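Taking it in order: structure first as structure tokens, then the write-up.
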């Protein structure tokens with residue numbers, strides 16, 4: 001079998017890039033949700049949540065770039081239009097959410113979807129011996145699991 005310049009099977013890297021594009025689309029929706037709840041949050045928890053949501057969307061923005069650059073590293077083109085994102089995204093779209101509990105629940109629901117996609121990519125990356133993608137997914141997963149735990153704790157629930 002002929003390997004690409006990364007030492008990986010070209011067909012497997014193409015498939016991984018496709019899965020990463022799905023993750024990219026979902027992250028873009030998640031990012032936009034975070035911007036929306038950051039802008040629209042109201043109530044007694046405004047100050048704390050406004051800051052937290054900004055922290056989360058800043059982090060999501062960095063991850064969007066990392067995912068797109070990984071797609072490029074694998075030799076493919078990252079999705080880059082909202083039309084493309086909406087076609088493949090599974091993360092729920094949050095519209096006009098201003099209540100604190102609804103906003104935090106949207107984050108939990110979004111991260112739950114992202115974690116599913118990331119675990120699929122992690123498995124595929126492992127099978128393809130793609131340590132770069134594998135490492136990225138491991139980092140994303142551990143960080144997001146902690147965020148889900150914290151958001152559920154804020155909601156007064158366990159995971």
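Side notes on the structure shown:
- Residues within the range 43-60 that are in contact with a helix residue (DSSP H, G or I) (Cβ under 6 Å, 6 or more places away or on another chain) and either closer than 15 Å to residue 30 by Cα or in contact (Cβ under 8 Å) with a residue 60 or more places away in the chain (or both), tallied: 5
- Residue in the range 76-90 that is loosely packed, with under 15 Cβ neighbours inside 10 Å and in contact with a helix residue (DSSP H, G or I) (Cβ under 6 Å, 6 or more places away or on another chain) present: yes
- Conditions (1) in a helix (DSSP H, G or I); (2) over 17 Å from the mean Cα position of the chain (by Cα); number of the one not met by residue 97: (1)
- Scanning the range 1-30 for residues that are in contact with a helix residue (DSSP H, G or I) (Cβ under 7 Å, 6 or more places away or on another chain), assigned to a helix (DSSP H, G or I) and either farther than 15 Å from residue 114 by Cα or modelled with pLDDT under 95 (or both) yields 15, 16, 17.
- Test: residue in the range 72-89 that is within 12 Å of the chain's Cα centre (by Cα) and not in a helix (DSSP H, G or I): yes
- Members of the range 31-48 that are surrounded by 20 or more Cβ atoms within 10 Å (Cβ to Cβ) and in a helix (DSSP H, G or I): 31, 33, 34, 36, 37
- Against the test of being out of contact with any helix residue (DSSP H, G or I) (no Cβ under 6 Å at 6 or more places or on another chain) and modelled with pLDDT of 95 or more, the options 123, 134 yield a single qualifying residue, 123.
- Any chance residue 142 is assigned to a helix (DSSP H, G or I), within 19 Å of the chain's Cα centre (by Cα), surrounded by 13 or more Cβ atoms within 10 Å (Cβ to Cβ) and without any contact (Cβ under 8 Å) to a residue 60 or more places away in the chain: no
The values are calculated or read from the model by the stated rules, or taken from the named source; none is laboratory data. The model shown is predicted, which means the values in this text are computed figures rather than measured ones. We place every Cβ from the backbone using ideal geometry, glycine too, and count neighbours over all the protein chains shown.
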